[in-house]
Structures are given as C-alpha cells and as structure tokens.
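Written out below as structure tokens is the structure these notes cover.
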Amino acid sequence: MTLLWGFLWGVAAVATIASGAILGVWWERKVAARIQMRFGPQQIGPFGSLQMIADVPKLLFKEDIVPELADKAIFKYAPLFVFGPVAVSMVVIPFTAGWAPLDTSVGILFFLAVPSIEVIAILLSAWASHNTLSTLGGLRATAQMISYEIPRSLAVLSIVLLAGSLRPLDVVEAWRWWWMPLTFIAFVIYFIASIAEMNRGPFDIPEAESELVAGYFADYSGMRWASFMMAEYGSMIAASLFGAAVFFGGGWPFGGALGVVVLIVKTILIMTAIMWVKWTFPRLRQDQLMSLCWKVLTPLAIVQLVIVGVVLPWL
Amino acid sequence: MTEETIVNIGPSHPSTHGVCRIVVTLDGEVVVKAEPIIGHLHRGIEKMAENRTYLQVVPLTDRLDYVGSMYANWAYCRAVERLAGIRVPERAEYIRVIVCELQRIASHMMGIGSTGADTGAFTAFMYAFAQRDHVVELFEALCGSRLTYNYVRPGGVSMDLPDGWVEQVRSFVAQHPAAMMELDTLLFGNVIARARLKGVGVLPADTAVAWGTSGPTARGSGVNWDLRRDDPYSVYPRFDFEVPLGENGDCYDRARIRLWECVESCKIIDQALDQLEPGPVKAEGLPRLLAPRPGDAYDHIESARGSLGVYLVSDGSPRPYRMKVRSPAFCNLSVLPLLAEGHTLSDLVVIIGSLDPVFGEVDR
Amino acid sequence: MNINELREHLCSQYPDLCPLFSVEFGDGVLVIDADRLHEAATDLRDLGFDRLGMVTAVDTRDEFELVYRLQSRQMHAGIFVKARVPRDEPTIASVTDLWPAANWQEREVFDMFGIVFTGHPDLRRILLTDDWVGYPLRKDYQDERIIRRPDYI
C-alpha cells in the first residue's frame, strides 16, 4: 500500500514539475522578452502560451545522439538522476497549513540534502560525455553546488532556530509576520545560494554558453537534454516553493485551498525575481563565485544566525 | 601543479566570433598558453582579385569585414582612385563619411553586444542589436542590402540618397546617444560586469604600438592614434569630434570606448548632414573599364577595427596585378596570446570579444 | 609632416639612406638592397617610425618585391620600404625583433609567397593548412581548382 502511494506521489510530482516547467519556460520567455524590449512568443495560443506544448513534441521526436566515445550506459541514465532528486525533494513542501504530501519531522533537512545527489549525476554526465568542455563544466558545477550548500543551509537554519523544529508544517504554523524583517538577510542569502544551486544566471558558470557552450550537457540532445532543463526549472520551482513556505509563511494569511493559491502566487513572485536577476546580470567568474560564497555569504549567514540566537530568548 | 589540459576552442564556437580555433593549454582553469589558429575562412580574396576587373573586386571587398562592409569598399575605392587619379565629387565624399560613421555604429554595436553576450549579459546584447538594426534598416533603404552593401564604388557611390533618408538618419542620430547612455548603465555600470572586465587582458600602450594594433584596441590602451584626425582623409578635417581614449588598456576600456566612439560618430553624422549639398555622386567621364597606369598605391582609412589599408599594384591592364588588404583585425588578434596568459578560460572569451575580430577580415 | 619635411629629416639623420628616397603617388618610398634591409629598418625605427603597418610582397615575375609600410606617430607620416629578393632563393632578414607586429605578417608572406625570413621566431604557414603544396600568390602558382574568369573584356 505504501509502495502504491509512493508511486502515485512520484507520478504526481513528475507531472507537477513537468507542467510547472512548461509554464515556467513560457513565463520566462515572456519575462525575458519584456526585459529585452521584445514580445516573446505570440503566435501559438493566447499570448503564445501554447508555445511550449508545441515545443515538447519537437523535443520528443528529436534524434537521440549518443557520442561515439561516450560511456554509453552512464551517459544515457545520468539525466534521470539529475531530474529525480529534484522531483523527490518537492514532497516535503508544506503546501498549506497542516498539509504536506509527506509529513516528516526532518523535512527541512530532507529538502536541503536530497537535491545534492544531483551533483553526482551531473559529474557523471559530464565525465561520460568524453568531452573536455563538458568535463570542465561538470567540475565547475560540483565545486559550485557543494560550496553553496553551506550558506543555503545556514540561512534556513535561522528559520529552524526561530521555529524550534525541523518539521516544515511546524515551521509554517509557528511563522509570524515579523520574522520577515528579522530573517531578511537569511532570505537574501537563501535566494542567491539557490540560484547558484540551480546553475542559473548570473551563476550559470558550469553551463556558460559563451565559453563551455553548454557545459556538462553539451553533448545531450532531445529528451535527455530536456530532462536537464526540466531539472533546472524543477529546482527553480522547488526552491521558490520552499522559500515561499519557510520565509514567507506558506499560505499565510490564509489556510486551506486558498492557502495553496497564496503560496503559488508567492512562488511565482520569487520565480519572477530569479528570472529578472538572470536576464539583468552578467555572469560571474569561477574565482569570484567562490569568494562570494566563502567570504561574503557564509559569514553573513553566520551573523544572521547569531542575531536570531540573541533575539530568541526575548521572544 | 596539476596536469595540463589542452582544450580546443573552436573552430565552431559561439565566442570566437566566427571561425577561429584557439588551442588553449589549461592548468585547472588558468590559461597557460593560448594559440590562435586562423585561416578557416580563408577564401583567397587577394588571389581572386587578380582575376577580376577593378569594378568586379568591389563585391569581394564586402566579404572582408562583413560587419563593416562599407569600410572595405571605401578603402579599396580610395586606393583605386589614387592609382587612376580619379577626383571624387564632394557630395559623394560626404555620403561616404555618413555611411561609414553609421557603419561604425553598427559595427561597434556588434562589438559591445558580444562583449555583453560573452560575459553572459544577454540583455545588453539585445539592447545593442536593437540599435544596430536601425542602422541596417537605413542601409537597406539606401542600397537594398543589409550586410554586403557594395555601395561605395570607384569614383563615388553607386546611387544617390533615397527620398526621406536624411530625415531618417537625423531621427536615428537624435535618439542614439541616449540609448548609449542607457547601455552604459546597463552593461558598464553593472558591478559584476566591472568585476569581469576591469583588469582583465591588460595591453600596455607600448606593446599595443609595437604589435601593430590599431583602432579601439590600441586606443583602449591610451594610444592616441586615429587616422581620421592624425592622417586626415576625405572631408574629415571639416568635422569637429573627439577621439575617446582608455587608460588601463583592459577589456573594460577597450569595450567602453567603442560606446563613446558611437556618440562621436553621431556628432560627425550630424555635421555632415548639415554640410551636405546637392550635386553629382559619381565622378564624370569614368571609363567603363578602368585601366590605371602601371604603379602601386596604398590608402588607408580608420575602420571600426582600426586602420584598414589596401595596397594595389597595377601593370596597366584592367585587372589589379596585386591587391593586399592590411587588415586591422589580423594585427589586433595577434596580441591574443600575450593577453590571455595567466587569466582563466572565462576571461579568454572576454578578451577575444574585446579585441572584436571579424574573421572574414582576419582570414581574407 | 609632409613629404618634403620627411625627406629633409631623413637626409639630415641618415645621409646614406637619402639617395634611395623617392616619391610615388604622394608617398615616400625607400628602395633598399635586401641584405641591407634590417640595418635600414633599425635606422628608420630609431628615426621614429614606431609602427609597422604592413608587410607584403609582390611577384613581379622576375623577382619578389617586399613592401613594408612604416608609420610614425610623432611625425604623422608614413613611408614605404621596398626590397627585392631573387625568385630562386627568396630569403630576407626578419624585422620581428624590431616590430613584433611583423610576426604574423611575415608568416603570411611566407605562406603566400614562400619567402623565408631569417631570424623569425616561428615561421610556419598561418592562413593555409600546414600540408598545403605551393605558394598561392606567386604568379606561376598552378592549381587545377582555379577557375579562370571568362574574358569579357
């Protein structure tokens, strides 16, 4: 029975991410186009909203190219392990007060830890491609994603400290509006570190199209490439949902079904901000990225933690 | 010390701005040695020119610097005119100045835009290309072509300005400086762009001169040398303009002075339109087949990339005996190994972009 | 600086170069023996010609004529230096040590004409592939792929 439920949840999560990615791509195209003084997709459906529906069959029917020198088995299945952890991590998000798909007492830890498995898959896909540019991209991705785990986790730790629990539902329940100003630095750090985690601009160094062409997924095509892209959008959706839930109180000030709507609106706002950042800023360099992580974000996150710790006894 | 990796950038790579292969020896992320291997776009234009009449060579020169075709047209025509002793009517000279300054804007927009794209600021690329597209549309109205114009001909230009074109140029020139200010804030005012461009690929002034660089590449290092002012040709002495100079010779200066050059180009266009008077646009009494007297002639102009020269040798026949194009992009690219050493792979891409090579001209 | 001032300046500093100076199409030209080229180039650089604009060659069917274009920023003047080398053994001293700009340009001349520059640090083909046979810009270059344009004239 548990297995069946797990399977159904898995299908639901993949379907959510896939449809979210489709909508996300459309939304990103519109946002990016507006930032760049263009219109974006216009022709297919109202405001071009069916453009991605037209794009998906194209991706499905594209030739699946596997390079001659690639390590075939790893090359073929690595995209699955890039996409999988992102889908799994979504399961602990408290969609509304009192309800999360999986209610567990270590939910926050689960959310922060599980997507890290992605790093191994990325490194495998980069290595299996047998391509110097891919390998460089994979190495950059590994360094970046492992480093940015630390400020990201520290930022979330401030919230955990305030709520006194690692259970996402408890966090949402304990959440008060004045946490927003108190943990503002933590949210900014979480926001930056999440962008770095999902390898999006201005931290898209592993896939920098101008130097590494597409980095670790340079040799992928068709649906396998699409699963990398879905993983990127999936982690963007997951990070935005989680951020909206723990930093902005989930469905606050509403509960029930209305709470889910409010959470989704907050998520879309965070996602739009992520897109805005990507289409405004140039890309950082590898060393600048590392010094930002270790010299700025990590100390700041610790300072935030100390502030919360000092304030805590007086609450 | 880790084991060194050899990475091939190109020949088909988005940031080589054409078809150039760069064999990069990497120590981790740091470039130990970068060797450009050029010639992938070599079409033997100098050899082909020996097989054509003087007028038939003009379309070939379009294919040299395909981002700035007007320059190669003009440089070639100046060499032919010098060789054959043709006097160009004044209106034609003004039209040439106007189209070439517009071409400078179009070409620099490509250069700045690709600096943005190389650093990952794709929006800056789009902003620059919106401006470039205005210029390209003006050229389309002028000569029916958007990329290879074949407009400047020996003895003048191929046809007079179409009706209403001057007003279109005026309205473009009026809005362009403000758009440049906006682009300056968007790209060069950005804190990440500054961190990426400043202090990267520093070219000292004496090296810039010794290695024969010219144009924005040399002026970014503070080499005060612009043929429009220092070896004036055509009607340039009649215009009042500044030559923007960089200080540090890094990628930031090289890319940014292109922006100010566009603003100065607007000033020149404005003055040229004021002074433009009706008259013929082609020299009178040109023979259908040019056969200059034996001898050789060289003439150069300041193109968007630097001093572009054409050396022509005639043996009295209707075909050039020898044509040599002194290509600024070729000389500018030769400093790449010096600049790239010790920087990271990401910087290498930015350095190539700041040199703004066009491989039609490098490989010829 | 116009052409006459340039001539006077040159004659006052280096009298031995003076008789070689002539004016063609408004440009100053110095015709120099191939074996004296490096020496004369050093003199010209010391005179203030700090930029080497162009190095090229012309196949005159009897011999190769090398053409150097020098420019001076201080004097605002340009000058051509021409030197002739025999076709059967085309060798000339490289000026890369004086102007590094000559590095790629001399490689190009070697690539296209087969002229050997002694003292060049890295004399390889540059535009053509390393295994190319022949020197395309020589007038007697034969290649079956060359299509002669029909003679409409």
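Values for this structure:
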read-out: Elements of type strands (runs of 3 or more DSSP E) in the stretch B:251-364, at least 1 residues being of a type in the set (Ser, Thr, Tyr); value: B:295-302, B:307-314
read-out: Subset tally (residues that are assigned to a helix (DSSP H, G or I) and more than 8 Å from chain A (Cβ to nearest Cβ)) for the stretch B:187-199; value: 4
read-out: Listing of strands (runs of 3 or more DSSP E) fully contained in the stretch C:1-119 that carry 1 or more residues being within 11 Å of another protein chain (Cβ to nearest Cβ), charged (D, E, K, R) and touching a Phe, Trp or Tyr at 6+ places or on another chain (Cβ under 7 Å); value: C:27-33, C:51-59, C:63-72
read-out: Qualifying position, being at pLDDT 85 or above, within 14 Å of chain A (Cβ to nearest Cβ) and in contact with a helix residue (DSSP H, G or I) (Cβ under 9 Å, 6 or more places away or on another chain), among B:GLY120, B:GLY113, B:GLY10; value: B:GLY113
read-out: Any hit, the stretch C:126-144, residues being assigned to a strand (DSSP E or B), away from every other protein chain (no Cβ under 13 Å) and either surrounded by 11 or more Cβ atoms within 10 Å (Cβ to Cβ) or at pLDDT below 85 (or both); value: no
read-out: Conditions (1) within 14 Å of another protein chain (Cβ to nearest Cβ); (2) surrounded by 24 or more Cβ atoms within 10 Å (Cβ to Cβ); (3) among the aliphatic types (A, V, I, L, M); (4) in a helix (DSSP H, G or I); number of the one not met by A:ILE189; value: (1)
read-out: Qualifying residue in the stretch A:130-140 (condition: in contact with a Pro (Cβ under 9 Å, 6 or more places away or on another chain) and outside any helix (DSSP H, G or I)); value: yes
read-out: A:ILE53 vs. criteria away from chain B (no Cβ under 14 Å), under 19 Å from A:GLY234 (Cβ atoms), out of contact with any Pro (no Cβ under 9 Å at 6 or more places or on another chain) and not polar (S, T, N, Q); value: yes
read-out: Residue satisfying condition, being part of a loop (DSSP other than H, G, I, E, B), of a type outside the set (Asp, Glu) and touching a residue at least 24 places away in the same chain (Cβ under 8 Å), within set B:VAL202, B:VAL173, B:VAL223, B:VAL166; value: B:VAL202
read-out: Selection count, the stretch A:78-122, where residues are among the hydroxyl-bearing types (Ser, Thr, Tyr), within 15 Å of the chain's Cα centre (by Cα) and surrounded by fewer than 16 Cβ atoms within 10 Å (Cβ to Cβ); value: 1
read-out: Which listed residue, of A:ALA245, A:ALA238, A:ALA231, is in contact with a Ser or Thr (Cβ under 6 Å, 6 or more places away or on another chain) and crowded, with 23+ Cβ neighbours inside 10 Å; value: A:ALA238
read-out: The stretch A:217-243 residues that are without any contact (Cβ under 8 Å) to a residue 60 or more places away in the chain, paired with ones that are of a type in the set (Gly, Ala, Ser) and assigned to a helix (DSSP H, G or I) (beta carbon under 6 Å, 6 or more apart); value: A:ALA239/A:SER194
read-out: Any hit, the stretch B:140-147, residues being touching a helix residue (DSSP H, G or I) at 6+ places or on another chain (Cβ under 7 Å) and farther than 25 Å from B:GLU93 by Cα; value: no
read-out: Test: residue in the stretch A:187-205 that is more than 17 Å from the chain's Cα centre (by Cα) and touching a residue at least 60 places away in the same chain (Cβ under 8 Å); value: no
read-out: Hits in the stretch A:10-32 (condition: of a type in the set (A, V, I, L, M, F, W, C) and under 17 Å from A:PRO94 (Cα atoms)); value: A:ALA12, A:ALA13, A:ILE17
read-out: Test: B:SER314 is of a type in the set (Ser, Thr, Tyr) and over 24 Å from the mean Cα position of the chain (by Cα); value: yes
read-out: Residues that are surrounded by 20 or more Cβ atoms within 10 Å (Cβ to Cβ) and within 14 Å of chain B (Cβ to nearest Cβ), drawn from the stretch A:293-307; value: none
read-out: Pick from the stretch A:268-283, criterion in contact with a Gly (Cβ under 8 Å, 6 or more places away or on another chain) and within 11 Å of chain B (Cβ to nearest Cβ), ranking: surrounded by the fewest Cβ atoms within 10 Å (Cβ to Cβ); value: A:VAL277
read-out: Odd one out for B:ASP274, checked against (1) free of Cβ contacts under 8 Å to residues at least 24 places away in the same chain; (2) surrounded by fewer than 22 Cβ atoms within 10 Å (Cβ to Cβ); (3) within 14 Å of chain C (Cβ to nearest Cβ); value: (3)
read-out: Residue in the stretch B:284-307 that is over 21 Å from C:ALA101 (Cα atoms), of a type in the set (Lys, Arg) and more than 11 Å from every other protein chain (Cβ to nearest Cβ) present; value: no
read-out: Some residue of the stretch A:171-181 being buried (at least 23 other Cβ atoms within 10 Å of the Cβ), at pLDDT 85 or above, over 19 Å from the mean Cα position of the chain (by Cα) and farther than 22 Å from A:GLN288 by Cβ; value: no
read-out: Which numbered condition B:LEU245 misses (of (1) under 24 Å from B:ALA106 (Cβ atoms); (2) assigned to a helix (DSSP H, G or I)); value: (2)
read-out: In the stretch B:181-238, the residues that are surrounded by 16 or more Cβ atoms within 10 Å (Cβ to Cβ), under 30 Å from B:ILE269 (Cβ atoms) and of a type in the set (Gly, Ala, Ser); value: B:ALA193, B:ALA205, B:ALA208, B:GLY212, B:SER214, B:GLY215, B:ALA218, B:GLY220, B:SER221, B:GLY222, B:SER234
read-out: Residue list for the stretch B:149-164, restricted to those being surrounded by fewer than 19 Cβ atoms within 10 Å (Cβ to Cβ) and in contact with a helix residue (DSSP H, G or I) (Cβ under 6 Å, 6 or more places away or on another chain); value: B:ASN150, B:PRO162
read-out: Pair list, Cβ < 6 Å and 6+ apart or interchain, from the stretch B:331-348 residues that are farther than 13 Å from B:VAL202 by Cβ and within 13 Å of chain C (Cβ to nearest Cβ) to residues that are surrounded by fewer than 24 Cβ atoms within 10 Å (Cβ to Cβ) and of a type in the set (S, T, N, Q); value: none
read-out: Selection count, the stretch A:42-61, where residues are within 24 Å of the chain's Cα centre (by Cα) and not in a helix (DSSP H, G or I); value: 2
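Matching residues to (1) touching a Leu at 6+ places or on another chain (Cβ under 9 Å); (2) within 24 Å of B:THR207 (Cβ to Cβ):
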| site | (1), (2) |
| --- | --- |
| C:ASN4 | no, no |
| C:VAL31 | yes, no |
| C:ARG36 | no, no |
| C:THR42 | yes, yes |
| C:LEU47 | yes, yes |
| C:GLY53 | yes, yes |
| C:THR60 | no, no |
| C:ARG69 | yes, yes |
| C:ILE79 | yes, yes |
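The values are calculated or read from the model by the stated rules, or taken from the named source; none is laboratory data. As the structure is a computational prediction, the values presented were derived from the model and not from experiment. As a convention, Cβ positions derive from the backbone with ideal geometry for all residues, glycine included, and neighbour counts pool all protein chains shown.
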